[in-house]
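Working notes, beginning with the structure itself.
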Amino acid sequence: METVLLSDSDIDLEKAAEFIKNGDIVGIPTETVYGLGADASNEEAVRRVFEAKGRPADNPLIVHLADFSQAVSFTQFIPPLAYKLAEHFCPGPLTMVLPKNDRIPMITSGGLDTVGIRVPSHPVMHRIIELSGRPIAAPSANTSGYPSPTSAEHVMRDMYGKISAVVDGGNSEFGVESTVIAIEGDSSVRILRPGCVTKEMLSELCSEVIIDRAILHELEAGQKAASPGMKYKHYSPKANIIMVEGELESFIAYVGANNGKSVYSLIFDKDADRFPYRYMTYGNSSSEQAHLIFQRLRELDDAGAERVYVRAPETDGVGLAVYNRLIRAAGFEVIRI
Ligand code: TXA
Ligand code: MG
């Protein structure tokens, strides 16, 4: 199959919507990362999304809608807190796990009786949902296990020949995937995957915000994941990623003692002047780091890095999302110095 590259022109977005209506798969930009979009109600289309990604069948897909009001058509029940959160965060990088109804096939929800609902803010994604008139199931458009794509080129590299088209909508604004939450009781939520709707932001509207243990810790053998995606190795480039927590001086000393051919460090922009070894930088603020992290992980592979020491990000605000992606890319290998 040839994969066509589409622009964000009206004609091309019509074409993208036609593909979706026909049960084909299209790489689509969102404000978080690029998604692999298909009609969420078409079992055969969804089956081919799992196949293109090489994704385990028990890992559910998020369903994207043009407006949160449409969620009633795909769920059994929407708790008042979900409406309140939607008012503040939809459209945007928030996914709410809700009890699904029969219009979402079991294959889409990975066999669960719930569905993750998200209303993306990216105008291109929004337009394609509207033009197709379908709920769009869209996992991140990477090969399963590899860093998520934040540009059309990344999607082309992972998916060329496997999907019908990729729509180029520029680089993703946020750079990490949406915050996934489950609603627990009348006024509390559990964060299943951290993103740019942060714990702090949710705390303004909820009496309790629980950070699921799987966000920062490896699941123990036999432990059940609240979010199936949390049990798989993730976001990993080919290089061996090692997260190092500590001050810059100790970090430099540590890398010096463990340096070698094809060793890189991933450091903050502000450290660059003082850093004597081979490096790439990933911004200073947590938002910059989120914006750059997946792109850098891919660039490190392109540069031939075999081992990468990463200066650990903060764990508050958006930093928690960056930390979560890195700790998983590192297979939970963290060195504290
Ligand atoms: O920002 C995003 O969310 C991107 C863009 C394309 O929208 N999509 C995305 O999808 O990251 P994916 O499939 O790569 O990640 C979805 C995550 C997985 O960890 C999955 O296990 C979890 O959300 N998830 C989806 N539906 C769920 C459900 N019903 N219950 C629990 N976790 C769910
Ligand atoms: Mg993903």
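The values are calculated or read from the model by the stated rules, or taken from the named source; none is laboratory data. Since this is a predicted model, take the numbers as computed values, not measurements. With ideal geometry, Cβ positions are generated from the backbone for all residues, glycine too; neighbour counts draw on all protein chains shown. The accessibility values were calculated without ligands, DNA or RNA, using every heavy atom of the protein model including side chains. Shrake-Rupley method; radii C 1.70, N 1.55, O 1.52, S 1.80 Å.
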**Item:** Of residues in the range 72-85 being open to solvent by less than 60 Å² (accessible area, probe 1.4 Å) and away from ligand 1 (no atom under 13 Å from the Cβ), the one nearest to Gly27 (Cα to Cα)
**Value:** Ser73
**Request:** Take the range 138-159 and flag every residue that is open to solvent by less than 40 Å² (accessible area, probe 1.4 Å) and free of Cβ contacts under 8 Å to residues at least 40 places away in the same chain.
**Result:** Asp158
**Selection from the range 133-144 of residues that are away from ligand 1 (no atom under 11 Å from the Cβ) and small (Gly, Ala, Ser)** = Gly133
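If you go through the range 1-17, how many residues are of a type in the set (Asp, Glu), outside any loop (DSSP other than H, G, I, E, B), touching a residue at least 60 places away in the same chain (Cβ under 8 Å) and open to solvent by 50 Å² or more (accessible area, probe 1.4 Å)?
Of all residues in the range 1-17, those of a type in the set (Asp, Glu) come to 2, 8, 10, 12, 14.
Filter again for outside any loop (DSSP other than H, G, I, E, B), leaving 10, 12, 14.
Then keep just the ones that are touching a residue at least 60 places away in the same chain (Cβ under 8 Å); that gives 12, 14.
Checking which are open to solvent by 50 Å² or more (accessible area, probe 1.4 Å) leaves us with 14.
Of the residues in the range 1-17, 1 are of a type in the set (Asp, Glu), outside any loop (DSSP other than H, G, I, E, B), touching a residue at least 60 places away in the same chain (Cβ under 8 Å) and open to solvent by 50 Å² or more (accessible area, probe 1.4 Å).
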**Item:** Residue in the range 99-128 that is surrounded by the fewest Cβ atoms within 10 Å (Cβ to Cβ), counting only those that are within 19 Å of the chain's Cα centre (by Cα) and of a type in the set (A, V, I, L, M, F, W, C)
**Value:** Val124
**Fill in**
Expected output for the range 168-184 (first residue under 26 Å from Ser207 (Cα atoms), partner open to solvent by 20 Å² or more (accessible area, probe 1.4 Å) and basic (Lys, Arg), Cβ below 7 Å, 6+ apart or cross-chain) is Glu177/Arg193; Thr179/Arg193; Val180/Arg193; Ile181/Arg190; Ala182/Arg190; Glu184/Arg190
**Prompt:** Can you name every residue in the range 137-162 that is of a type in the set (S, T, N, Q) and either in a loop (DSSP other than H, G, I, E, B) or in contact with a Pro (Cβ under 6 Å, 6 or more places away or on another chain) (or both)?
**Reply:** Asn142, Thr143, Ser144, Ser148, Thr150, Ser151
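Could you tell me which of the residues Thr150, Thr198 is touching a Leu at 6+ places or on another chain (Cβ under 9 Å) and within 18 Å of His122 (Cα to Cα)?
Details: Thr198 fails: within 18 Å of His122 (Cα to Cα).
Going through Thr150, Thr198 in turn, the sole match is Thr150.
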**Prompt:** Considering Glu31, Glu44, which residue is of a type outside the set (A, V, I, L, M, F, W, C), within 12 Å of ligand 1 (Cβ to nearest atom) and either surrounded by fewer than 24 Cβ atoms within 10 Å (Cβ to Cβ) or touching a residue at least 24 places away in the same chain (Cβ under 8 Å) (or both)?
**Reply:** Glu31
**Complete:** Scanning the range 277-304 residue by residue, those over 18 Å from Asn171 (Cα atoms) and among the aromatic types (Phe, Trp, Tyr) turn out to be Tyr277, Tyr279
**Asked** Can you pull out the residues in the range 30-52 that are within 20 Å of Ser178 (Cβ to Cβ) and assigned to a helix (DSSP H, G or I)?
**Response** Val46, Val49, Phe50
**Item:** Qualifying residue in the range 145-156 (condition: out of contact with any helix residue (DSSP H, G or I) (no Cβ under 6 Å at 6 or more places or on another chain), within 13 Å of ligand 2 (Cβ to nearest atom) and modelled with pLDDT of 95 or more)
**Value:** yes
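Please go through the range 88-98 and give me each residue that is open to solvent by less than 10 Å² (accessible area, probe 1.4 Å) and either among the aromatic types (Phe, Trp, Tyr) or at negative phi (or both), ordered by number.
So the first thing to find is which residues in the range 88-98 are open to solvent by less than 10 Å² (accessible area, probe 1.4 Å), and the list is 92, 94-96, 98.
Scanning the range 88-98 gives Leu94, Thr95, Met96, Leu98.
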**Prompt:** Within the range 128-178, which residues are farther than 23 Å from Gly54 by Cα and out of contact with any Ser or Thr (no Cβ under 7 Å at 6 or more places or on another chain)?
**Reply:** Ile128, Ile129, Glu130, Leu131, Ser132, Gly133, Gly169, Gly170, Glu173
**Complete:** Picked from the range 145-171 (must be among the polar types (S, T, N, Q) and closer than 23 Å to Ile241 by Cα), the residue nearest to ligand 1 (Cβ to nearest atom) is Ser148
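Within the range 307-326, which residues are over 17 Å from Asp271 (Cβ atoms) and part of a loop (DSSP other than H, G, I, E, B)? Steps first, answer last, please.
Start the filter on the range 307-326 by keeping residues that are over 17 Å from Asp271 (Cβ atoms), which leaves 307, 315-318, 320-321, 323-325.
Across the range 307-326, the qualifying residues are Thr315, Asp316, Gly317, Val318.
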